[in-house]
Amino acid sequence: MIRDQTTFSPWSFPASHHITTMFIGGNKNKLKLPQCEYFEEGIVVTIDIRAVIYIPGKIVAAICFP
């Protein structure tokens, strides 16, 4: 059976979303890195998305490079 793609789409926008630009976790030494020391919020950065991981109903993640 072929579905009409104009009425069916497995994709939808999440209720909220974010981009993690640097994960510190329990590694406090990362706070000393220049990427963290000079970090500024609200700066527009162009990124290259190399891969997307999609788990329906759970998460969409991507491997990105500035």
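The values are calculated or read from the model by the stated rules, or taken from the named source; none is laboratory data. Since we're looking at a predicted model, the values are computed, not measured. Don't worry about glycine lacking a Cβ; one is built from the backbone with ideal geometry, like all the others, and counts go over all protein chains shown.
Numerical summary
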quantity: Region 1-40, residues that are modelled with pLDDT of 80 or more and in a loop (DSSP other than H, G, I, E, B); calculated: Ile24, Gly25, Gly26, Asn27, Leu33, Tyr38, Phe39, Glu40
quantity: Flag if Val52 is at pLDDT below 85 and not polar (S, T, N, Q); calculated: no
quantity: Of residues in region 24-66 being among the hydroxyl-bearing types (Ser, Thr, Tyr) and closer than 30 Å to Pro10 by Cβ, the one surrounded by the fewest Cβ atoms within 10 Å (Cβ to Cβ); calculated: Thr46
quantity: Close pairs (8 angstrom Cβ cut-off, 6 or more residues apart or separate chains): among the acidic types (Asp, Glu) in region 30-50, in a loop (DSSP other than H, G, I, E, B) anywhere; calculated: Asp48/Pro66
